[in-house]
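Down below is the structure, laid out as structure tokens.
The values are calculated or read from the model by the stated rules, or taken from the named source; none is laboratory data. Quick caveat: nothing in here was measured; it's all calculated off a predicted structure. Using ideal geometry, Cβ is built from the backbone for each residue, glycine included, and neighbour counts are taken over all protein chains shown. Please note that ligands, DNA and RNA were not included when accessible areas were found on the heavy atoms of the full protein model with its side chains. Shrake-Rupley method; radii C 1.70, N 1.55, O 1.52, S 1.80 Å.
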Amino acid sequence: MKKCLFLLTGLLLPVLSYCQSPDTAKHKKLLTTSPFLGGVSVTDIVTPIKVNNNTITMQQPIADIGIPVYKDFSTVNSVLIKTGIRYRGLFLSNEEKIGENAFHSVTIPLLLNYSLSRTKTISFIGLATAGSDFKRGIEANDILYTLGVRLGFRGSKSFKWGVTLIYTRNYSGKFLLPLPDFDWTINDNWSLTAVLPSRASLKRRLSNSQSLGLTVGLDGSMYRLNTTNQPQYIHLRQNSAGLLYDLTLSRRWKFTLVAGHTFMQRLETFNMDQKVPFEGFGKLNDRVANVSYNQNSFIFQGGISYQF
């Protein structure tokens, strides 16, 4: 069951970034500065995988744009509607078995956040993703979607938590999964944030603009593979841990560096009939892969973001 959770949570990005959505429960009179509700971020993840005497380089560029389309903070029951677009790529170098070395996915998210009170919020999340090598047109079955509802609670000024119930449909099947999350400011120097079991970060503030910490994450993506005789999908899973460094400039710009190592990493391809039924959650690892790389490796990530 533990391996199945690792597998499944890797499929839910970018929905996990919305599980800790902006806290709109504050009354407008309590705000001292305008909240940053939108933003742009660009990230690149590089993973060199040593397979026998060959090194496969896996690169994953990610670009996110989040745009608030409606907001009303004039009452306690504040409302925020947000959308955007996410691009994620997967590029392979020195790999010969899969048959294709460039994959792309585009995700359209939609978030509706409503404050039930000063301490409780409810959020509705929807995402639609098309991921493929784009060697042919996208069909209805190629659209992967995720729906979710989150209940959020503000226990105190320093602690927020919530639970998101996620329903997702992807190439491996349809699943229902609860995801708890929390954001805890331990003291002036230490903070801990997590969306379980997907990611957790413990940070220590070095100065007003810098922080250093430890991070553990589960990541993954899926793409349709069209260049083979029989339609297949490629599934990437990465579970890693490492050091995290943040640098914030002028409150709007943020630079992030991560250096770590994977403790479970799989790059695999499956035939399209390799699915499990809704009630067969425990059979996810019974799928038979056509191509499989399961070597661990170092992983490096750099990113820049701007909030508005």
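So what is Rg over Rh here for segment 66-158, counting just Cα atoms and using Kirkwood for Rh?
1.17
What length, rounded to one decimal in nm, is gained on full extension from residue 263 through to residue 288, with 0.36 nm per residue of separation minus their alpha-carbon distance?
This chain segment gains 6.9 nm when fully extended.
Could you compute the FRET efficiency for residue 128 and residue 74, with r as their C-beta to C-beta distance and R0 at 30 Å, rounded to 0.05?
The value I calculate is 0.45.
If you average over every viewing direction, what projected area does the convex hull of the Cα atoms of segment 131-248 give, in nm²?
Value for segment 131-248: 9.7 nm².
Given the convex hull of the Cα atoms of the chain, what is a quarter of its surface area in nm²?
Average of the hull's projected areas for the chain equals 15.9 nm².
Using only the heavy atoms of the protein chains and a 1.4 Å probe, how would 264, 58 rank by accessible area, largest first?
264, 58
Accessible surface of residue 273 in the full protein assembly, 1.4 angstrom probe, to the nearest 10 Å²?
The accessible area comes out at roughly 110 Å².
For residue 174, what accessible surface area do you get with a 1.4 Å probe? Give it in Å², rounded to 10.
Answer for residue 174: close to 90 Å² accessible.
Taking the Cα of residue 167, stepping 7 Å toward and past its beta carbon, and measuring to each backbone N in segment 89-113: which are under 18 Å?
Only 110-112 pass the distance filter.
Expressed as a whole percentage, what fraction of the accessible surface of the chain belongs to carbon and sulfur atoms when a 1.4 Å probe is rolled over the protein heavy atoms?
Numbers: 8980 of 15240 Å².
Of all accessible area on the chain, carbon and sulfur atoms account for 59 percent.
Determine the gain in length on full extension of the stretch residue 151-residue 176; use 0.36 nm per residue of separation and subtract their C-alpha separation, reporting nm with one decimal.
7.4 nm
Each residue of segment 54-67 in turn: what ³J(HN,Hα) in whole Hz from Karplus with 6.51, -1.76, 1.60 and θ = phi - 60°, glycine and Pro shown as x?
10, 10, 8, 9, 10, 10, 10, x, 9, 10, 10, 10, x, 10
No solvent, one uniform scatterer per C-alpha: report log10 I(q)/I(0) for segment 188-308 via the Debye equation at q = 0.11, 0.20 1/Å, two decimals.
-0.54, -1.11
If each residue of separation counts as 0.36 nm, what is the full-extension length gain between residue 63 and residue 196 once their alpha-carbon separation is subtracted?
Additional length available on full extension: 45.5 nm.
Mind ranking 91, 73 by accessible surface for me, highest first, 1.4 Å probe?
From most accessible down to least: 91, 73.
Spelling out what I want: for every residue of segment 296-308, take phi, set θ = phi - 60°, compute 6.51 cos²θ - 1.76 cosθ + 1.60 (Karplus), and round to whole Hz; glycine and proline get x.
7, 6, 6, 9, 10, 9, x, x, 9, 9, 9, 9, 9
Apply the Karplus curve 6.51 cos²θ - 1.76 cosθ + 1.60, θ = phi - 60°, to the phi angles in segment 70-75 and return the couplings in whole Hz, x for Gly and Pro.
Values, residue by residue: 7, 8, 8, 10, 7, 10 Hz.
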